[in-house]
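One structure is given here, and the rest of the page talks about it.
The values are calculated or read from the model by the stated rules, or taken from the named source; none is laboratory data. If you're wondering where the values come from, they're calculated on a predicted model, not measured in any experiment. Note that we place each Cβ from the backbone using ideal geometry, even for glycine, and neighbour counts take in every protein chain shown. Surface accessibility is based on the protein's heavy atoms, side chains included, excluding ligands, DNA and RNA. Shrake-Rupley method; radii C 1.70, N 1.55, O 1.52, S 1.80 Å.
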Amino acid sequence: MANTVVNPTRMELTRLKGKLRTAQRGHKLLKDKRDELMKQFLDTVRELRSLRTQVEQDLIRAHGSFTVASALMSGPAMEQALMYPKQSVELTMTFQNVMSVNVPVYHYQTRTEDTGDIFPYGFAATSGELDGAVSALGDVFQDMLKLAQTEKTAQLMAEEIEKTRRRVNALEYVVIPSTQESIRYISMKLDENDRSTTTRLMKVKDMILKQAIEEKQAENARAIRAFGSDGESPVEV
């Protein structure tokens, strides 16, 4: 019997059968969602690994250029050259729905389209290595945003996969077995009640038949006694 108290009625049986159909359909949909999320999550992880490797290499290259530039220029001169940035960047964020998961999408736009605006200094008093370092940082910035977006997407998808997995397990190992057990219990009780009702009806029928026979026998006995007292044969109708 199920752990919960179940009212063994046909109305409850109909309700539980509907609940079971809904749970089984939801279980299938959630399994499909989990499988598709896992597929997209693995694709995102592969993209994340590639992006991280690329960003790390670009940052190492930019850091190397800054190291060489700092060796060729004095510290105060480099600090003064980079003190006031010339280009500004506007960052906006929207959301994209991926299998019921709202993942962020970053968009960045520079104030001007001129690539030369990333250099906030004159070229006469600075080293060419500093130009390469600043240019490398400008190139890696968009990849860093893409990396941050992909990492957040992977994190949100992993959380959604875990939630979906718990729901699938709850339906598969708790809700569906419990509902099926309740349905079996109610069906057994209803069958038992039907058998009991049939047995009672058969007993009532036997009692009615026995009573009819006894009444017939009593009627015959009265007719025999009446024949014996009158000397005439009773007329049967």
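Ignoring ligands, DNA and RNA, how do MET157, MET99 rank by accessible area with a 1.4 Å probe, largest first?
MET99, MET157
Sum up the charges of everything whose Cβ sits under 12 Å from the Cβ of GLU56, counting Lys and Arg as +1 and Asp and Glu as -1, but leave GLU56 out.
Every neighbour counted, the sum reads +1.
In whole Hz, with x marking every Gly and Pro, tabulate ³J(HN,Hα) for the stretch 39-52 from phi via Karplus 6.51 cos²θ - 1.76 cosθ + 1.60, θ = phi - 60°.
Ordered by residue, 3J(HN,Hα) equals 4, 5, 5, 5, 4, 5, 5, 5, 5, 5, 5, 5, 5, 5 Hz.
Quick query: amide H of VAL98 versus all other amide H atoms, modeled in the peptide plane; which residues come in under 5 Å with a sequence gap of 5 or more or a different chain?
Under 5 Å from the amide H of VAL98 lie the amide H atoms of VAL103, each far enough along the sequence or on another chain.
Could you tell me which of the pairs LYS33/LYS163; LYS28/LYS163; LYS39/LYS146; LYS28/LYS152; LYS33/LYS152; LYS19/LYS189 are separated by over 22 angstrom between their Cα atoms in the structure shown?
Distance filter (> 22 Å) returns LYS28/LYS152.
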